[in-house]
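The values are calculated or read from the model by the stated rules, or taken from the named source; none is laboratory data. Note that the structure is predicted; figures quoted are calculated from it, not measured. Positions of Cβ are generated from backbone atoms using ideal geometry, with glycine treated the same way; all protein chains shown enter the neighbour counts.
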Amino acid sequence: MLDCRHVLAELSNYLDGEVSPKLKQTVEEHLASCRRCSLVYNTTRKTLKLVTEAGALEIPLEVSARLRVRLNLGKTEQNTSGR
Amino acid sequence: MSERVRDTKMSAGLLAPDDDLPLLDRIVAGDAQAFEELVQRHEERVYRVTIAITGNHEDAEEAMQQTFLKVYQHLGGFQRASKFTTWLTRIAVNEALQKRRRQRVTESLDDPRLTDEAVMPKQLRDWHDDPEKIYSKQQMREIVESAIQSLAPMYREVFVLRDVQGLTTQEAAEALGIAVSALKSRLLRARLMMREALAGHFQRPITLKSRIFQVRWKIQDALVAGFR
């Protein structure tokens, strides 16, 4: 049986499905019997779900617009200086 | 990887076909509109990488510009052995890292030498079932982005590439030029720190039951520490 620290160390790999079938089963047995690790697992999984759903770090419209201006200038400079 | 090996792997389902290749062919043939399409398709990917690594908009925007200019200038040399997005992300990482190295910061940008104790979960109350119903979409985005910005750079870049941008562990490690084991170690810490940062917004109120559990866990921790 794994202790809490070992389960915590494997939490990320377990969330990503990157543990062996044997380790997966051991982690699941621990989570079923340990309220604290179960809480940490569930809230970490929820964290990743919320991050995905939040659409974090979408490019702001003004940044996108400035990029186009900058790239047009860059291409003009490159074309005139490179030839 | 040779074309033949790549084709074999593709037909075996080991590699997804690269959707960007037709667009790249048009750019190489001199189609200016195709380059604009490429920028539009990938600007968010590049923005996420550069803002995660530099931590500020000014440097992120300059790194974005340099990234797309390099893509334009060096596209003819792109070997197509890897996916275009892998190559693009790698360029964006390098440009952003160059910006970061020039930043005059007094804080340590690299390993803050967090102890295991520092990343041990401390917020130990259940969360609301539907935090999405408590906050608006805009508020949720601000809360999440603020939490991401609170991470030290070495954790922020890993978290953004892996969990915001959705790269695989291997792809993220390759883009950052670090070992998969190092990426996994940082990712675990980043995720636990993100959980801690978000917990304050999403936890249920303290109840007598949750208080009793917390006291019990503290006693358990103290006993375990005493045995070491």
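Quick notes on this one:
- Some residue of the range A:23-34 being within 11 Å of chain B (Cβ to nearest Cβ) and either modelled with pLDDT of 90 or more or in contact with a strand residue (DSSP E or B) (Cβ under 8 Å, 6 or more places away or on another chain) (or both): yes
- Tabulated pairs, the range A:49-70, first at the interface with chain B (Cβ under 7 Å from one of its Cβ atoms) and within 18 Å of residue B:194 (Cβ to Cβ), second among the small types (Gly, Ala, Ser) and outside any helix (DSSP H, G or I), C-beta under 8 angstrom, 6+ apart or interchain: none
- Helices (runs of 4 or more DSSP H) (entirely within the range B:138-228) containing at least 3 residues that are within 11 Å of chain A (Cβ to nearest Cβ), within 19 Å of residue B:125 (Cα to Cα) and touching a residue at least 24 places away in the same chain (Cβ under 8 Å): B:180-202, B:208-227
- Candidate set from the range B:49-75 (those that are crowded, with 24+ Cβ neighbours inside 10 Å and within 25 Å of residue B:18 (Cβ to Cβ)); member that is farthest from the chain's Cα centre (by Cα): B:68
- Criterion (buried (at least 18 other Cβ atoms within 10 Å of the Cβ) and closer than 17 Å to residue A:50 by Cα) met by exactly one of B:183, B:192: B:192
- Note on the range A:36-48: among residues that are modelled with pLDDT of 90 or more and at the interface with chain B (Cβ under 7 Å from one of its Cβ atoms), the one that is surrounded by the most Cβ atoms within 10 Å (Cβ to Cβ) is A:47.
- Residue in the range B:157-164 that is more than 20 Å from residue B:45 (Cα to Cα), at pLDDT 80 or above and not assigned by TED's automatic domain parsing to the domain that holds residue B:90 present: no
- Residue in the range B:206-214 that is under 14 Å from the mean Cα position of the chain (by Cα), surrounded by fewer than 16 Cβ atoms within 10 Å (Cβ to Cβ) and not polar (S, T, N, Q) present: no
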